[in-house]
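For reference, the structure discussed in these notes is given below.
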Amino acid sequence: MMQRTTRPVCAALLAMSLTAPGASAQPDKAPALTAEAINTATFKVPEADKADQKKPEAKTSAKKARDAKKSDDKPDPLIVKAQVLLDRARFFPGAIDGLKGENYQRALSAFAVAQGLPATQDLTPEIWDKLQATSDKPAVSDYAITEADASGPYVDKIPPKMEAQADLKALSYTNPREMLAERFHMSRDLVSALNPDKPLDKAGTSILVAAVDPMGTNKPKGKDLPQEPKVERIEVDKSSRDVRAFGADGKLLGYYPASIGSTEKPAPSGDTKVKGVAFDPDYTYNPKYAFKGVKTKQKFSIKPGPNNPVGLVWIDLAIPSYGIHGTPEPEKVGKTESHGCIRLTNWNARDLAAHVTRGAKVSFKDD
(Lines give C-alpha, C1' and ligand atoms only; values in the text may rest on other atoms or scores of the structure.)
Protein backbone atom coordinates (compact mmCIF):
# COMPACT_ATOMS: atom_id res chain seq x y z
CA MET A 1 0.00 0.00 0.00
CA MET A 2 1.44 3.32 -0.98
CA GLN A 3 1.42 6.03 1.64
CA ARG A 4 -0.30 9.23 0.56
CA THR A 5 0.11 12.84 1.49
CA THR A 6 -3.59 13.40 1.80
CA ARG A 7 -5.45 16.55 2.71
CA PRO A 8 -8.69 15.02 3.96
CA VAL A 9 -11.74 17.18 3.39
CA CYS A 10 -14.17 15.45 5.71
CA ALA A 11 -17.66 16.53 6.63
CA ALA A 12 -17.18 14.69 9.90
CA LEU A 13 -16.35 17.35 12.42
CA LEU A 14 -17.85 19.72 14.99
CA ALA A 15 -19.09 16.84 17.18
CA MET A 16 -22.33 17.23 19.08
CA SER A 17 -22.14 15.72 22.54
CA LEU A 18 -24.52 12.99 23.56
CA THR A 19 -23.96 10.96 26.68
CA ALA A 20 -21.80 7.92 27.40
CA PRO A 21 -19.21 1.69 37.83
CA GLY A 22 -17.74 -0.91 38.71
CA ALA A 23 -18.99 -4.36 39.68
CA SER A 24 -18.71 -4.33 43.43
CA ALA A 25 -20.61 -5.70 46.36
CA GLN A 26 -20.52 -2.17 47.78
CA PRO A 27 -21.07 0.09 44.75
CA ASP A 28 -21.20 3.22 46.87
CA LYS A 29 -17.67 2.52 48.13
CA ALA A 30 -15.32 1.58 45.30
CA PRO A 31 -12.15 -0.37 46.22
CA ALA A 32 -8.85 1.52 46.43
CA LEU A 33 -7.37 2.06 42.97
CA THR A 34 -3.95 0.47 43.44
CA ALA A 35 -1.81 -1.76 41.26
CA GLU A 36 -2.44 -4.70 43.59
CA ALA A 37 -6.21 -4.13 43.63
CA ILE A 38 -6.33 -4.01 39.82
CA ASN A 39 -3.94 -6.86 39.06
CA THR A 40 -5.52 -9.24 41.59
CA ALA A 41 -9.13 -8.23 40.84
CA THR A 42 -11.42 -11.16 40.05
CA PHE A 43 -15.09 -11.38 39.28
CA LYS A 44 -17.51 -12.69 41.86
CA VAL A 45 -21.28 -12.51 41.67
CA PRO A 46 -22.11 -9.86 44.33
CA GLU A 47 -24.05 -11.18 47.30
CA ALA A 48 -26.59 -8.42 46.69
CA ASP A 49 -27.28 -9.83 43.22
CA LYS A 50 -27.78 -13.32 44.64
CA ALA A 51 -30.28 -11.95 47.13
CA ASP A 52 -32.00 -9.92 44.41
CA GLN A 53 -32.85 -13.13 42.56
CA LYS A 54 -35.43 -13.81 45.28
CA LYS A 55 -36.91 -10.29 45.19
CA PRO A 56 -39.66 -8.90 42.96
CA GLU A 57 -38.24 -7.77 39.59
CA ALA A 58 -39.34 -4.13 39.91
CA LYS A 59 -37.58 -3.72 43.25
CA THR A 60 -34.46 -5.47 41.95
CA SER A 61 -34.23 -3.17 38.90
CA ALA A 62 -34.77 -0.06 41.00
CA LYS A 63 -32.03 -1.07 43.43
CA LYS A 64 -29.57 -1.82 40.62
CA ALA A 65 -30.28 1.57 39.05
CA ARG A 66 -29.62 3.33 42.38
CA ASP A 67 -26.41 1.36 42.95
CA ALA A 68 -25.15 2.06 39.43
CA LYS A 69 -25.80 5.79 39.81
CA LYS A 70 -23.74 5.86 43.01
CA SER A 71 -20.69 4.31 41.35
CA ASP A 72 -20.86 5.87 37.87
CA ASP A 73 -17.95 8.25 38.47
CA LYS A 74 -15.71 5.94 40.51
CA PRO A 75 -13.12 3.86 38.63
CA ASP A 76 -13.39 0.23 39.71
CA PRO A 77 -10.26 -1.99 39.75
CA LEU A 78 -12.21 -4.90 38.27
CA ILE A 79 -13.50 -2.81 35.36
CA VAL A 80 -10.00 -1.41 34.71
CA LYS A 81 -8.69 -4.97 34.47
CA ALA A 82 -11.57 -6.12 32.25
CA GLN A 83 -11.02 -3.14 29.91
CA VAL A 84 -7.30 -3.88 29.63
CA LEU A 85 -8.04 -7.53 28.82
CA LEU A 86 -10.58 -6.49 26.17
CA ASP A 87 -8.06 -4.05 24.67
CA ARG A 88 -5.41 -6.78 24.44
CA ALA A 89 -7.94 -9.15 22.87
CA ARG A 90 -8.65 -6.46 20.23
CA PHE A 91 -12.20 -5.86 21.41
CA PHE A 92 -11.33 -2.27 22.18
CA PRO A 93 -13.46 -0.60 24.90
CA GLY A 94 -12.54 2.97 23.99
CA ALA A 95 -10.57 4.96 26.56
CA ILE A 96 -9.80 2.74 29.55
CA ASP A 97 -11.43 4.55 32.47
CA GLY A 98 -12.59 1.92 34.97
CA LEU A 99 -16.23 2.86 34.41
CA LYS A 100 -19.13 0.78 33.17
CA GLY A 101 -19.83 2.98 30.16
CA GLU A 102 -21.43 2.15 26.82
CA ASN A 103 -18.20 1.51 24.91
CA TYR A 104 -17.08 -1.01 27.54
CA GLN A 105 -20.47 -2.69 27.61
CA ARG A 106 -20.67 -3.03 23.82
CA ALA A 107 -17.11 -4.38 23.61
CA LEU A 108 -17.90 -6.88 26.38
CA SER A 109 -21.01 -8.04 24.52
CA ALA A 110 -19.10 -8.38 21.23
CA PHE A 111 -16.41 -10.41 23.00
CA ALA A 112 -19.02 -12.69 24.58
CA VAL A 113 -20.66 -13.40 21.21
CA ALA A 114 -17.27 -14.09 19.61
CA GLN A 115 -16.66 -16.64 22.37
CA GLY A 116 -19.94 -18.40 21.68
CA LEU A 117 -21.63 -16.96 24.78
CA PRO A 118 -24.93 -15.07 25.00
CA ALA A 119 -24.73 -11.32 24.29
CA THR A 120 -24.69 -9.36 27.54
CA GLN A 121 -23.37 -6.01 28.70
CA ASP A 122 -22.51 -7.28 32.17
CA LEU A 123 -19.67 -9.46 33.37
CA THR A 124 -20.59 -13.06 34.07
CA PRO A 125 -18.42 -15.89 35.47
CA GLU A 126 -18.28 -17.42 31.97
CA ILE A 127 -17.18 -14.20 30.26
CA TRP A 128 -14.65 -13.49 32.99
CA ASP A 129 -13.09 -16.93 32.56
CA LYS A 130 -12.78 -16.36 28.80
CA LEU A 131 -11.26 -12.90 29.33
CA GLN A 132 -8.72 -14.15 31.85
CA ALA A 133 -7.72 -16.94 29.47
CA THR A 134 -6.60 -14.34 26.89
CA SER A 135 -3.71 -13.00 28.99
CA ASP A 136 -1.96 -13.68 32.28
CA LYS A 137 0.11 -10.49 32.34
CA PRO A 138 -0.53 -7.71 34.89
CA ALA A 139 -3.25 -5.28 33.83
CA VAL A 140 -1.31 -2.22 35.00
CA SER A 141 2.43 -1.63 35.28
CA ASP A 142 4.96 1.03 36.18
CA TYR A 143 6.29 3.47 33.61
CA ALA A 144 9.12 5.98 34.08
CA ILE A 145 8.54 9.36 32.46
CA THR A 146 11.36 10.25 30.08
CA GLU A 147 12.95 13.60 29.23
CA ALA A 148 11.13 13.54 25.89
CA ASP A 149 7.80 12.90 27.65
CA ALA A 150 8.38 15.83 29.97
CA SER A 151 9.62 18.30 27.35
CA GLY A 152 7.16 17.63 24.54
CA PRO A 153 6.95 19.95 22.64
CA TYR A 154 3.46 20.88 23.79
CA VAL A 155 1.12 23.70 22.81
CA ASP A 156 -0.49 25.95 25.40
CA LYS A 157 -4.00 25.21 24.16
CA ILE A 158 -5.97 24.18 21.10
CA PRO A 159 -8.27 27.01 19.97
CA PRO A 160 -11.89 25.89 19.59
CA LYS A 161 -12.30 27.66 16.22
CA MET A 162 -10.84 25.88 13.22
CA GLU A 163 -9.66 29.12 11.61
CA ALA A 164 -7.50 29.76 14.68
CA GLN A 165 -6.18 26.19 14.63
CA ALA A 166 -4.85 26.91 11.14
CA ASP A 167 -2.43 29.42 12.69
CA LEU A 168 -0.68 26.75 14.80
CA LYS A 169 2.58 25.21 13.59
CA ALA A 170 1.47 21.80 14.89
CA LEU A 171 -1.63 20.37 16.55
CA SER A 172 0.39 18.81 19.36
CA TYR A 173 -0.68 17.58 22.78
CA THR A 174 -1.28 20.28 25.38
CA ASN A 175 0.45 18.54 28.31
CA PRO A 176 2.08 15.25 29.39
CA ARG A 177 -1.12 13.92 30.97
CA GLU A 178 -2.98 14.13 27.67
CA MET A 179 -0.09 12.47 25.84
CA LEU A 180 0.34 9.67 28.39
CA ALA A 181 -3.39 8.97 28.49
CA GLU A 182 -3.52 8.50 24.72
CA ARG A 183 -0.30 6.50 24.54
CA PHE A 184 -1.66 3.96 27.02
CA HIS A 185 -5.29 4.02 25.76
CA MET A 186 -6.57 5.65 28.95
CA SER A 187 -8.82 8.51 29.96
CA ARG A 188 -7.05 11.50 31.44
CA ASP A 189 -9.07 11.14 34.63
CA LEU A 190 -7.82 7.59 35.11
CA VAL A 191 -4.20 8.73 34.66
CA SER A 192 -4.76 11.20 37.50
CA ALA A 193 -6.66 8.70 39.66
CA LEU A 194 -3.89 6.11 39.36
CA ASN A 195 -1.16 8.67 40.06
CA PRO A 196 -2.40 11.19 42.62
CA ASP A 197 -0.01 14.07 43.30
CA LYS A 198 2.68 12.69 40.99
CA PRO A 199 4.43 15.27 38.74
CA LEU A 200 3.73 14.06 35.22
CA ASP A 201 5.99 16.74 33.75
CA LYS A 202 9.12 15.58 35.58
CA ALA A 203 11.51 13.06 33.99
CA GLY A 204 12.12 10.01 36.18
CA THR A 205 8.67 10.03 37.79
CA SER A 206 7.37 6.48 38.06
CA ILE A 207 3.68 6.23 37.25
CA LEU A 208 1.07 3.49 36.91
CA VAL A 209 -0.39 2.92 33.43
CA ALA A 210 -2.53 0.39 31.61
CA ALA A 211 -0.32 -2.45 30.38
CA VAL A 212 -1.35 -2.33 26.72
CA ASP A 213 0.65 -1.96 23.51
CA PRO A 214 1.54 1.75 23.63
CA MET A 215 0.35 3.88 20.75
CA GLY A 216 3.21 5.09 18.60
CA THR A 217 3.32 8.29 16.58
CA ASN A 218 5.83 7.19 13.95
CA LYS A 219 4.98 7.37 10.26
CA PRO A 220 5.16 3.83 8.82
CA LYS A 221 6.84 3.38 5.44
CA GLY A 222 4.60 2.41 2.54
CA LYS A 223 6.64 -0.73 1.85
CA ASP A 224 5.86 -1.98 5.36
CA LEU A 225 2.09 -1.73 4.88
CA PRO A 226 -0.25 -3.44 5.32
CA GLN A 227 0.94 -5.42 8.29
CA GLU A 228 -0.18 -8.94 9.16
CA PRO A 229 -2.91 -9.91 9.80
CA LYS A 230 -4.32 -8.08 6.78
CA VAL A 231 -7.78 -6.54 6.94
CA GLU A 232 -9.72 -7.25 3.74
CA ARG A 233 -13.18 -6.13 4.85
CA ILE A 234 -14.55 -3.47 7.20
CA GLU A 235 -18.08 -3.36 8.57
CA VAL A 236 -19.43 -0.04 9.90
CA ASP A 237 -22.54 -0.57 12.04
CA LYS A 238 -24.50 2.66 12.46
CA SER A 239 -26.94 1.32 15.06
CA SER A 240 -24.40 -0.28 17.41
CA ARG A 241 -21.80 2.46 16.73
CA ASP A 242 -18.84 0.22 16.04
CA VAL A 243 -16.39 -0.78 13.33
CA ARG A 244 -15.35 -4.40 12.78
CA ALA A 245 -12.32 -5.52 10.76
CA PHE A 246 -12.19 -8.93 9.06
CA GLY A 247 -9.53 -11.00 7.33
CA ALA A 248 -9.87 -12.65 3.94
CA ASP A 249 -11.12 -15.82 5.70
CA GLY A 250 -13.91 -13.90 7.45
CA LYS A 251 -12.18 -13.97 10.84
CA LEU A 252 -12.88 -10.96 13.07
CA LEU A 253 -9.56 -9.20 13.59
CA GLY A 254 -10.60 -6.09 15.49
CA TYR A 255 -13.58 -4.42 17.14
CA TYR A 256 -13.53 -0.62 17.53
CA PRO A 257 -16.07 1.79 19.08
CA ALA A 258 -16.92 4.63 16.70
CA SER A 259 -18.81 7.88 16.18
CA ILE A 260 -20.71 7.49 12.92
CA GLY A 261 -22.58 10.33 11.22
CA SER A 262 -25.53 12.27 12.61
CA THR A 263 -29.16 13.09 11.88
CA GLU A 264 -28.05 16.29 10.15
CA LYS A 265 -25.28 14.62 8.11
CA PRO A 266 -25.70 10.82 8.13
CA ALA A 267 -22.95 8.44 7.17
CA PRO A 268 -23.34 6.84 3.74
CA SER A 269 -25.09 3.53 3.11
CA GLY A 270 -24.15 0.55 1.01
CA ASP A 271 -20.64 -0.54 0.08
CA THR A 272 -17.45 1.28 -0.85
CA LYS A 273 -13.73 0.56 -0.60
CA VAL A 274 -10.51 1.83 0.92
CA LYS A 275 -8.49 3.98 -1.48
CA GLY A 276 -5.46 4.54 0.73
CA VAL A 277 -4.07 5.60 4.09
CA ALA A 278 -2.35 8.75 5.33
CA PHE A 279 -0.57 8.82 8.69
CA ASP A 280 -0.17 12.17 10.43
CA PRO A 281 -2.28 14.03 7.85
CA ASP A 282 -3.05 17.69 7.65
CA TYR A 283 -6.70 18.75 7.34
CA THR A 284 -8.14 20.99 4.64
CA TYR A 285 -11.40 22.81 5.28
CA ASN A 286 -13.62 23.30 2.25
CA PRO A 287 -16.14 26.15 2.68
CA LYS A 288 -18.76 24.31 0.63
CA TYR A 289 -19.54 22.26 3.76
CA ALA A 290 -20.48 25.43 5.64
CA PHE A 291 -19.74 24.11 9.10
CA LYS A 292 -21.59 25.93 11.85
CA GLY A 293 -19.22 28.37 13.54
CA VAL A 294 -16.78 28.58 10.63
CA LYS A 295 -17.27 31.99 9.02
CA THR A 296 -14.54 32.08 6.42
CA LYS A 297 -15.42 31.48 2.77
CA GLN A 298 -11.86 30.48 1.90
CA LYS A 299 -10.14 27.11 2.08
CA PHE A 300 -7.55 26.69 4.82
CA SER A 301 -5.34 23.90 6.13
CA ILE A 302 -4.62 22.71 9.67
CA LYS A 303 -1.22 21.19 10.42
CA PRO A 304 -0.78 17.56 11.54
CA GLY A 305 -0.81 16.35 15.12
CA PRO A 306 -2.91 14.33 17.59
CA ASN A 307 -5.22 17.32 18.05
CA ASN A 308 -5.78 17.76 14.32
CA PRO A 309 -9.52 17.57 13.49
CA VAL A 310 -8.97 14.11 11.94
CA GLY A 311 -6.41 12.99 14.50
CA LEU A 312 -3.35 10.96 13.57
CA VAL A 313 -4.76 8.91 10.67
CA TRP A 314 -6.96 9.31 7.60
CA ILE A 315 -8.24 6.14 5.88
CA ASP A 316 -9.53 7.41 2.56
CA LEU A 317 -12.75 5.90 1.19
CA ALA A 318 -13.94 5.83 -2.42
CA ILE A 319 -16.79 8.19 -1.53
CA PRO A 320 -15.54 11.78 -1.98
CA SER A 321 -14.78 13.56 1.33
CA TYR A 322 -15.55 10.49 3.47
CA GLY A 323 -13.05 8.55 5.53
CA ILE A 324 -12.30 6.65 8.71
CA HIS A 325 -10.06 8.74 10.93
CA GLY A 326 -8.78 9.58 14.39
CA THR A 327 -9.94 12.33 16.71
CA PRO A 328 -8.58 14.97 19.10
CA GLU A 329 -11.19 13.86 21.67
CA PRO A 330 -10.81 10.08 22.20
CA GLU A 331 -12.99 10.03 25.31
CA LYS A 332 -15.99 11.16 23.24
CA VAL A 333 -15.79 8.39 20.63
CA GLY A 334 -19.03 6.42 20.55
CA LYS A 335 -20.70 9.07 22.70
CA THR A 336 -20.95 11.89 20.14
CA GLU A 337 -22.20 12.32 16.61
CA SER A 338 -20.02 13.21 13.64
CA HIS A 339 -20.92 15.06 10.47
CA GLY A 340 -20.66 12.06 8.18
CA CYS A 341 -17.31 10.30 8.59
CA ILE A 342 -16.33 7.47 10.94
CA ARG A 343 -14.32 8.64 13.94
CA LEU A 344 -12.16 6.27 16.04
CA THR A 345 -9.71 6.90 18.85
CA ASN A 346 -6.26 7.73 17.50
CA TRP A 347 -4.83 4.41 18.72
CA ASN A 348 -7.64 2.45 17.07
CA ALA A 349 -7.39 4.43 13.82
CA ARG A 350 -3.64 3.77 13.68
CA ASP A 351 -4.19 0.10 14.42
CA LEU A 352 -6.75 -0.30 11.63
CA ALA A 353 -4.69 1.76 9.18
CA ALA A 354 -1.62 -0.43 9.78
CA HIS A 355 -3.49 -3.58 8.73
CA VAL A 356 -6.06 -2.55 6.13
CA THR A 357 -5.38 -3.32 2.49
CA ARG A 358 -5.95 -0.91 -0.36
CA GLY A 359 -9.22 -1.89 -2.00
CA ALA A 360 -10.62 -3.45 1.19
CA LYS A 361 -14.42 -3.59 1.06
CA VAL A 362 -16.26 -1.25 3.45
CA SER A 363 -19.91 -2.01 4.21
CA PHE A 364 -22.26 0.34 6.06
CA LYS A 365 -24.97 -1.38 8.08
CA ASP A 366 -28.08 0.70 8.78
CA ASP A 367 -29.65 -1.63 11.39
Every residue from the stretch 104-144 that is over 21 Å from Pro46 (Cβ atoms), of a type in the set (Ser, Thr, Tyr) and either under 19 Å from the mean Cα position of the chain (by Cα) or open to solvent by 40 Å² or more (accessible area, probe 1.4 Å) (or both):
Thr134, Ser141, Tyr143
Inside the stretch 108-171, counting only helices (runs of 4 or more DSSP H) that do not spill past its ends, which hold 2 or more residues that are under 28 Å from Asn307 (Cα atoms) and either touching a His at 6+ places or on another chain (Cβ under 7 Å) or not aromatic (Phe, Trp, Tyr) (or both)?
147-151, 162-165
Does at least one position in the stretch 232-247 carry a residue that is exposed (fewer than 12 other Cβ atoms within 10 Å of the Cβ) and over 21 Å from the mean Cα position of the chain (by Cα)?
no
Any chance the stretch 340-354 includes a residue that's polar (S, T, N, Q) and open to solvent by 10 Å² or more (accessible area, probe 1.4 Å)?
no
Condition test on Val212, is it open to solvent by less than 20 Å² (accessible area, probe 1.4 Å), part of a loop (DSSP other than H, G, I, E, B), touching a helix residue (DSSP H, G or I) at 6+ places or on another chain (Cβ under 6 Å) and at pLDDT 95 or above?
yes
With respect to the numbered conditions (1) under 17 Å from the mean Cα position of the chain (by Cα); (2) modelled with pLDDT under 95; (3) more than 18 Å from Leu171 (Cβ to Cβ), which one is the sole condition not fulfilled by His339?
(1)
If I filter the stretch 145-176 down to residues being surrounded by 15 or more Cβ atoms within 10 Å (Cβ to Cβ) and of a type in the set (Ser, Thr, Tyr), which single residue comes out as farthest from Leu85 (Cα to Cα)?
Tyr154
Within the stretch 254-272, the count of residues that are in contact with a Lys or Arg (Cβ under 7 Å, 6 or more places away or on another chain) and under 20 Å from Thr357 (Cβ atoms) comes to 4
Of the conditions (1) part of a strand (DSSP E or B); (2) modelled with pLDDT of 95 or more, the single one that Thr284 does not satisfy is (2)
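The values are calculated or read from the model by the stated rules, or taken from the named source; none is laboratory data. Note that this is a predicted model, so its numbers are computed, not measured. When we count neighbours, we look across all protein chains shown, and the Cβ atoms used for this are built from the backbone with ideal geometry, even at glycine. For the accessible areas, the whole protein counts, side chains as well, though only heavy atoms, and no ligand, DNA or RNA atoms are used. Shrake-Rupley method; radii C 1.70, N 1.55, O 1.52, S 1.80 Å.
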